[in-house]
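Student: Before I ask anything, let me first share the structure, which is written out below as structure tokens.
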Amino acid sequence: MSEITTTSSSSPDASSPEIAVKAHHLYKAFGRRPHEMVKKIAAGASRSDVAHLGIAAVIDASFEVKKGEIFVVMGLSGSGKSTLIRMLNGLWDTTSGTVTVGGTDVTGISAKDLRDVRRKSISMVFQHFALLPHRTVIDNVAYGLEIQGMGRTERLARAQTIIDLVGLSGWADSMPSELSGGMQQRVGLGRALAADTDVLLMDEAFSALDPLIRREMQEQLIELQEALGKTIIFITHDLNEAMFLGDRIAVMRDGRIVQIGTPEEILTDPANDYVAQFVQDVDRARVLTATSVMEPVRAVVTKTAGPRAALRTMRDLQTSVVFVLNRDRSFAGIVRDHDVLKMVKAGDTDLRTIIRHDATTVSPDTALVDLVEPSVGSDLPIAVVDARNRLLGVIPRVTLLAAIGNVTTSTGELPVIDPPATISVNVITDILRDTEMPRDTALEGAEA
Amino acid sequence: MNDFRIPLGTWIETFIEWITVTFGFVFDFIRLIVDGAFEGVAFVLVAPPFYVIIAIAAAIGLAARGWKFAVGTVIGLGLILGVDQWDNAMATLALVLVASIIAIAVSIPLGILAAKSSLASQIIRPVLDFLQTMPAFVYLVPALILFRVGEVPGIVATIIFAMAPGVRLTELGIRGVDKEVVEAGQAFGASPWRILRQIQLPLATPTIMAGINQVIMLSLSMVVIAGMVGAGALGGEIVASLSRLDVALGFEAGFAVVILAIFLDRVTAALGNGDTPIGRVLNARKASRSAAQPTSAPAPALV
Ligand SMILES: Nc1ncnc2c1ncn2[C@@H]1O[C@H](COP(=O)(O)OP(=O)(O)O)[C@@H](O)[C@H]1O
Ligand SMILES: [Mg+2]
């Protein structure tokens, strides 16, 4: 119990440079005698045992958020997420436990010191935007800088660059009420980014937006995070959003954190029945994205490698299709075994003439549900490509079905390679040997 | 049995007597200040020729509500002049202004205090209930004892009577400000004073202005009653008409009160919802200025 009521902030890892925010046995109780409630709970009482005294909103929450990480806290409404995030920047006191932000213990410091931490280290984006309605967009974005004491000219210049960054160029002098919800939240995000703190708290920041805008904002948040390297603590009740954004996810239930893990761990290895049920109720086909199920591409050659290399790959991997890449590693198409075989027999060397373009390509964040149709229509694996058309991975039909059905694909280390070979290994080996020519060997040697 | 009664009245009387003796100098001081303020304002209103005051009132009406209201103002004030109640009306206006300004100056800070502290709110609320429910006449008696006959007891009684909505609506307005916006101020490290100044007060302004409007209207109604303790002006005329059963005088003074009431009500209401012609003109000017500046075209620039 003493472990809960007082904990030292000087533990070695609290000041470790990789940890941006650390919560140590946080408790928050609402009621007449919060400390008594915490004592009872720490001694083993359940949340409902102390219900007559009040609400235990957060119970024994501990976690560490690494610098540059997107840490998602997910749970149903009323599970204590907002209470938890408000203790991280001291908007609400902790009943017990400590919070460290960038190595500074922010629990129990003076109001003035706390304001200093908020100005310099930790800013926040709100569910309903919480913009100052009587100020223009640029003055809203500059608000944090104004409080930091920056001069008007300088802060407006800085705010303008942030406005451009979040895609609101031209709206600087508008009032928030003239903006759509998505744009208003860009202002909210801009305000937090302009303050230039290492840590960003986002409490259901996208929950009030409609789904399309929401997806767009999620993607942009990830881009911004990659560009600026902020540490983001993101609250959501939406598993899909959590899976999409989170480097790690903390699942909350009735005030407790019941599991912390990567999206994959949460989905594939739930810590208890609650999490399992939570993720089971979820439509996996909609939650999981192409990235999370795709397999590394093994059957792949570059365009210049020539048909013999393609054929050899097919033989070694026992498949009838290989993926062909351009010089710059972008996806060119596929070649099939019969075409390659014919080409090798004929002595031609230009793979380009037989490249087919019938493989479906999708972006990494495509939901599995959208992969079903193309997958059914063809024996080819689906190619996952990024914005620059680089081949990130493939999704064979088996993998897709297994992911949606929540069964494991393989029993061991053997990769799934689709579609299976149609020409026997011996035939291919014979042909490769029969057609071997010095010129070709030299070419292959250069390739290897 | 029937002889027994709680001597509540006697207690309060004793209390008031004690206060008069012990804090006499305080009340003398208050009397001096309030009286000075009233004389000053009354002088400003009475000294210039009537057409200057009418022109100023019309200009205020124009800025607050538009030309129709300005014309109405001129006609209304002309009517007061026509029934020869001009000086009385100006004196009444001075009483209302002084009482309202003091009531507002006291009630807004009290309202802020009540909004910030639940304890203060719990103490202030029943006191306000008490002050507001007590029949207005009752204030006149102790005020008369403490400040002697004249304008001052009338003004002080008016202030006490009219303060309540100012406090209440200020508290309501500030408590009604979106919690998340206040949290945003806190989350970016703003001090409580700064949050009050930059977030809570501006956002509570419409509600606070509604309170100010009510304070002024209550002041006006009370100022008439205050005529009974020698505050004079239109109230004095009405009291006089009552004692002389002078219907004509009563209605003439009464009309003057109504005209003042309409003017003050409409002007403060317009200021309260912020939609005034002058405001629109200023906004239009600002908008055209910012539109004149070259702004880059909206581009989906993100990283
Ligand atoms: N100021 C408060 N006073 C009393 N109870 C509160 C207060 N704020 C939140 N709660 C309670 O704490 C619990 C957790 O709330 P919250 O943190 O807002 O959950 P979430 O954000 O996950 O929906 C809820 O049961 C809620 O009713
Ligand atoms: Mg919440």
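Student: What number goes with the only condition from (1) more than 25 Å from A:ALA29 (Cβ to Cβ); (2) within 16 Å of ligand 2 (Cβ to nearest atom); (3) touching a Lys or Arg at 6+ places or on another chain (Cβ under 9 Å) that A:LEU239 does not pass?
Tutor: Unmet for A:LEU239, out of (1) more than 25 Å from A:ALA29 (Cβ to Cβ); (2) within 16 Å of ligand 2 (Cβ to nearest atom); (3) touching a Lys or Arg at 6+ places or on another chain (Cβ under 9 Å): (3).
Student: So A:GLU64 clears everything in (1) modelled with pLDDT of 95 or more; (2) within 16 Å of ligand 2 (Cβ to nearest atom) except one condition, right? Which one?
Tutor: (2)
Student: If I ask for residues that are within 15 Å of ligand 2 (Cβ to nearest atom) and either modelled with pLDDT of 95 or more or within 14 Å of chain B (Cβ to nearest Cβ) (or both), which ones from region A:67-79 would you list?
Tutor: A:VAL72, A:VAL73
Student: A:ILE266 versus (1) away from ligand 1 (no atom under 16 Å from the Cβ); (2) away from chain B (no Cβ under 13 Å); (3) farther than 20 Å from A:SER62 by Cβ; (4) surrounded by 24 or more Cβ atoms within 10 Å (Cβ to Cβ): which is the lone unmet condition?
Tutor: A:ILE266 satisfies all of (1) away from ligand 1 (no atom under 16 Å from the Cβ); (2) away from chain B (no Cβ under 13 Å); (3) farther than 20 Å from A:SER62 by Cβ; (4) surrounded by 24 or more Cβ atoms within 10 Å (Cβ to Cβ) except (3).
Student: Something else: Only one of A:ALA51, A:ALA29, A:ALA57, A:ALA14 is within 14 Å of ligand 1 (Cβ to nearest atom), more than 22 Å from A:GLY246 (Cα to Cα) and modelled with pLDDT under 90; which?
Tutor: A:ALA51
Student: For region B:226-236, indicate whether the set of residues that are at pLDDT 85 or above and open to solvent by 60 Å² or more (accessible area, probe 1.4 Å) is non-empty.
Tutor: Scanning region B:226-236, I find no residue that is at pLDDT 85 or above and open to solvent by 60 Å² or more (accessible area, probe 1.4 Å), so the answer is no.
Quick grid of which residues meet (1) in a strand (DSSP E or B); (2) without any contact (Cβ under 8 Å) to a residue 40 or more places away in the chain; (3) within 17 Å of A:ILE354 (Cα to Cα):
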{"site": "A:VAL275", "(1), (2), (3)": "no, yes, no"}
{"site": "A:PHE278", "(1), (2), (3)": "no, yes, no"}
{"site": "A:SER292", "(1), (2), (3)": "no, no, no"}
{"site": "A:VAL297", "(1), (2), (3)": "no, no, no"}
{"site": "A:PRO307", "(1), (2), (3)": "no, no, yes"}
{"site": "A:ALA310", "(1), (2), (3)": "no, no, yes"}
{"site": "A:MET314", "(1), (2), (3)": "no, no, yes"}
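Student: Do any helices (runs of 4 or more DSSP H) entirely within region B:127-234 hold 2 or more residues that are away from chain A (no Cβ under 14 Å), and if so, which?
Tutor: The qualifying helices (runs of 4 or more DSSP H) are B:136-147, B:151-175, B:201-226.
Student: Right, here's the next one. Quick one: A:ALA205 ticks every box in (1) away from ligand 2 (no atom under 16 Å from the Cβ); (2) at pLDDT 85 or above; (3) over 13 Å from the mean Cα position of the chain (by Cα) bar one, so which box is it?
Tutor: The number of the failed condition is (1).
Student: Can you say whether B:ALA240 is closer than 30 Å to B:ASP35 by Cβ and not in a helix (DSSP H, G or I), as far as the supplied structure shows?
Tutor: Criteria not met by B:ALA240.
Student: Could you give every pair whose Cβ atoms fall below 7 Å, whose first residue belongs to region A:377-389 and is free of Cβ contacts under 8 Å to residues at least 40 places away in the same chain, and whose second residue is acidic (Asp, Glu) and open to solvent by 60 Å² or more (accessible area, probe 1.4 Å), counting only separations of at least 6 or pairs across chains?
Tutor: What qualifies is A:SER378/A:ASP358.
Student: Oh, and also: Look through A:ASP105, A:ASP116 and report the one residue that is away from every other protein chain (no Cβ under 13 Å) and either out of contact with any His (no Cβ under 6 Å at 6 or more places or on another chain) or modelled with pLDDT of 95 or more (or both).
Tutor: A:ASP105 is the lone residue from the list that is away from every other protein chain (no Cβ under 13 Å) and either out of contact with any His (no Cβ under 6 Å at 6 or more places or on another chain) or modelled with pLDDT of 95 or more (or both).
Student: Something else now. From the list B:ILE199, B:ILE278, B:ILE195, which residue is surrounded by fewer than 21 Cβ atoms within 10 Å (Cβ to Cβ) and modelled with pLDDT of 85 or more?
Tutor: B:ILE195
Student: Give region B:34-58 a look and list any residue that's surrounded by fewer than 13 Cβ atoms within 10 Å (Cβ to Cβ) and over 28 Å from B:LEU249 (Cα atoms), or say none.
Tutor: B:GLY36
Student: Within region B:1-98, which helices (runs of 4 or more DSSP H) (wholly inside it) include 1 or more residues that are closer than 30 Å to B:SER241 by Cα?
Tutor: Where helices (runs of 4 or more DSSP H) fall fully within region B:1-98 and carry at least 1 residues being closer than 30 Å to B:SER241 by Cα, they are B:24-46, B:50-65, B:67-82.
Student: Further, regarding this structure: Only one residue in A:ALA271, A:ALA276, A:ALA250 is among the small types (Gly, Ala, Ser), open to solvent by 60 Å² or more (accessible area, probe 1.4 Å) and more than 13 Å from chain B (Cβ to nearest Cβ). Which one?
Tutor: Selected residue: A:ALA271, the only one of A:ALA271, A:ALA276, A:ALA250 that is among the small types (Gly, Ala, Ser), open to solvent by 60 Å² or more (accessible area, probe 1.4 Å) and more than 13 Å from chain B (Cβ to nearest Cβ).
The values are calculated or read from the model by the stated rules, or taken from the named source; none is laboratory data. As the structure is a prediction and not an experimental result, all values here were calculated from the model. So basically every Cβ, Gly included, is an ideal-geometry build from the backbone, and we count neighbours across all protein chains shown. Quick note on the areas: whole protein, heavy atoms, side chains included, nothing else; ligands and nucleic acids left out. Shrake-Rupley method; radii C 1.70, N 1.55, O 1.52, S 1.80 Å.
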